[in-house]
Amino acid sequence: QVQLVESGGGLVQAGGSLRLSCATSGFAFSANVMNWYRQAPGKRREVVAVITAGNSANYADSVKGRFTISRDNAKNTVYLQMNSLKPEDTAVYYCNIIQRGTYYWGQGTQVTVSS
């Protein structure tokens, strides 16, 4: 059974940093692409960062140069380091994998950036 558990969200001032974690179980973590999404109030869920099994990373234009995705295969955990946070980064952040066309999500972690 796939399980994804996010943590690390909180309230931070603009310009600050947070590090999100997503602990996983129930699948072959090291072989999977891992994704971070976010959803702001009244907006569609959007992909923020992606990391492949080979550690190649891609980012949404809105976070490039500020966010870094990484993975620890020994801990079955994916991270999202978020620096230079802006109020528009306020959202619920979700960890995600896609297996056989099924999207799996964690419960999300709230990030609030005050101006």
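The values are calculated or read from the model by the stated rules, or taken from the named source; none is laboratory data. Keep in mind that this is a model prediction, so the values were computed, not measured. Cβ: placed from backbone, ideal geometry, glycine included. Neighbour counts: every protein chain shown. Keep in mind that these areas ignore ligands, DNA and RNA; they rest on the heavy atoms of the full protein, side chains included. Shrake-Rupley method; radii C 1.70, N 1.55, O 1.52, S 1.80 Å.
Could you put Trp36, Trp105 in order of accessible surface area, largest first, with the 1.4 Å probe and the full protein assembly present? Please list the in-between numbers first.
Working: Trp36 0, Trp105 90 Å².
The most accessible residue leads, giving Trp105, Trp36.
Leaving ligands, DNA and RNA out of it, rank Val47, Val113 by accessible area with a 1.4 Å probe, largest first. Mind showing how you got there, number by number?
Numbers: Val47 65, Val113 10 Å².
Descending order: Val47, Val113.
Which sequence of Asp89, Asp61, Asp72 reflects their accessible areas, 1.4 Å probe, from the largest down?
Details: Asp89 0, Asp61 125, Asp72 45 Å².
These residues rank, largest area first, as Asp61, Asp72, Asp89.
Excluding same-chain residues fewer than 8 positions from Lys86, which lysines have a Cα within less than 25 Å of its Cα?
Of all the lysines, those that pass the test against Lys86 - Cα under 25 Å, at least 8 places apart if same chain - are Lys43, Lys64.
Using Cα pairs closer than 8 Å and at least 6 residues apart in sequence, work out the relative contact order for the stretch 56-99, in percent. Don't skip to the answer; put the middle values down first.
On the way: 24 pairs, mean separation 11.8, N = 44.
Once normalised by length, the contact order is 27 percent.
Can you tell me, using C-alpha contacts under 8 Å and at least 6 residues apart, the relative contact order of the stretch 1-78 as a whole percent?
Computed value for the stretch 1-78: 25 percent relative contact order.
Under the 0.36 nm per residue contour assumption, what length would be gained going from the current alpha-carbon distance of Ser114 and Lys43 to full extension?
Numbers: separation 71, 0.36 × 71 = 25.56 nm, distance 1.86 nm.
Extra length available between Ser114 and Lys43 comes to 23.7 nm.
Enumerate the residues in the stretch 89-115 having an amide nitrogen under 14 Å from the point lying 7 Å beyond the Cα of Ala23 toward its Cβ.
107, by backbone N distance to the label point.
For an R0 of 35 angstrom, estimate the FRET efficiency from the Cβ-Cβ distance between Gln13 and Ile98 and round to the nearest 0.05. Walk me through the numbers before you get to the answer.
Details: r = 34 Å, r/R0 = 0.98.
Computed FRET efficiency for Gln13 and Ile98 comes out at 0.55.
What is the sum of charges around Tyr37, taking Lys and Arg as +1, Asp and Glu as -1, for the other residues whose C-beta is under 12 Å from the C-beta of Tyr37?
Within the 12 Å Cβ shell, the charges total +2.
Using a 1.4 Å probe on the protein heavy atoms, what percent of the accessible area of the chain belongs to carbon and sulfur? Write out the running numbers ahead of the final one.
Values: 2790 of 6040 Å².
Of all accessible area on the chain, carbon and sulfur atoms account for 46 percent.
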